[in-house]
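J.: The structure that follows is given in the form of structure tokens.
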Amino acid sequence: MKREIAEAWAANLRSGEYIQGGGCLSDYSGGVITHCCLGVLMDMAVEEGIATKKMPSLGYNAVYTSNYSEEYRESAGILSLREERTGTLTETVREWAGMFSPSGAVRDGVIVGKDGYTYRGLANANDNGVSFAEIADFIEKNYQNL
């Protein structure tokens, strides 16, 4: 993963601006918007103009769509005009961040662990109660394996 994006992502996870949720990138339930750790990264991509976020009505998951030109789509061999995701990074955002996996899986045997449990990726760790602060620590220490 690109170091500068990893550092910004970790800072955003610690910022207190996001309420942690799970099971999807971003959700609007009970009048509160929650994010998975990957949803925070997708929001960063939205701010950079790399993706678009569509927040539906109460009780539904946000839909993120990659923004890219037809020229890029053809050169990258992307067949669909729209690359939409609700649970993992879009391929375009994964490439922008320089990540190995759209689910935040790690390579080289690095495993996210908490309370004796291990997880092979950030989405799985997030959905099983690993806090944003702990995920931010992991990202900073292991960004080269993400």
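The values are calculated or read from the model by the stated rules, or taken from the named source; none is laboratory data. Nothing here was measured: the structure is a model prediction, and the numbers come from that model. We place every Cβ from the backbone using ideal geometry, glycine too, and count neighbours over all the protein chains shown.
J.: Restricting the search to segment 1-49, which residues are of a type in the set (D, E, K, R) and part of a helix (DSSP H, G or I)?
T.: 3, 4, 7, 14, 43, 47
J.: Would you mind stating whether residue 88 is among the hydroxyl-bearing types (Ser, Thr, Tyr) and within 15 Å of the chain's Cα centre (by Cα)?
T.: Yes; evaluated as a whole, the condition is true for this residue.
J.: Mind listing whichever residues of segment 111-122 are part of a loop (DSSP other than H, G, I, E, B) and surrounded by 15 or more Cβ atoms within 10 Å (Cβ to Cβ)?
T.: Passing the criteria: only 120.
J.: Could you tell me which residue of segment 24-55 is surrounded by the most Cβ atoms within 10 Å (Cβ to Cβ), considering only residues that are at pLDDT below 90, in contact with a helix residue (DSSP H, G or I) (Cβ under 6 Å, 6 or more places away or on another chain) and not aliphatic (A, V, I, L, M)?
T.: 26
J.: Could you give me the residue pairs with C-beta distances under 7 Å whose first residue belongs to segment 92-108 and is in contact (Cβ under 8 Å) with a residue 40 or more places away in the chain and among the aromatic types (Phe, Trp, Tyr), whose second residue is buried (at least 22 other Cβ atoms within 10 Å of the Cβ) and assigned to a loop (DSSP other than H, G, I, E, B) wherever it lies, and which are 6+ apart or on separate chains?
T.: 100/146
J.: A further question on this structure: Run down 105, 136, 125 and say which single residue is aliphatic (A, V, I, L, M), buried (at least 17 other Cβ atoms within 10 Å of the Cβ) and at pLDDT 95 or above.
T.: Sole residue among the options that is aliphatic (A, V, I, L, M), buried (at least 17 other Cβ atoms within 10 Å of the Cβ) and at pLDDT 95 or above: 136.
J.: Consider segment 126-144. How many of its residues are touching a residue at least 24 places away in the same chain (Cβ under 8 Å) and under 21 Å from residue 16 (Cβ atoms)?
T.: Summing the residues that are touching a residue at least 24 places away in the same chain (Cβ under 8 Å) and under 21 Å from residue 16 (Cβ atoms) in segment 126-144 gives 11.
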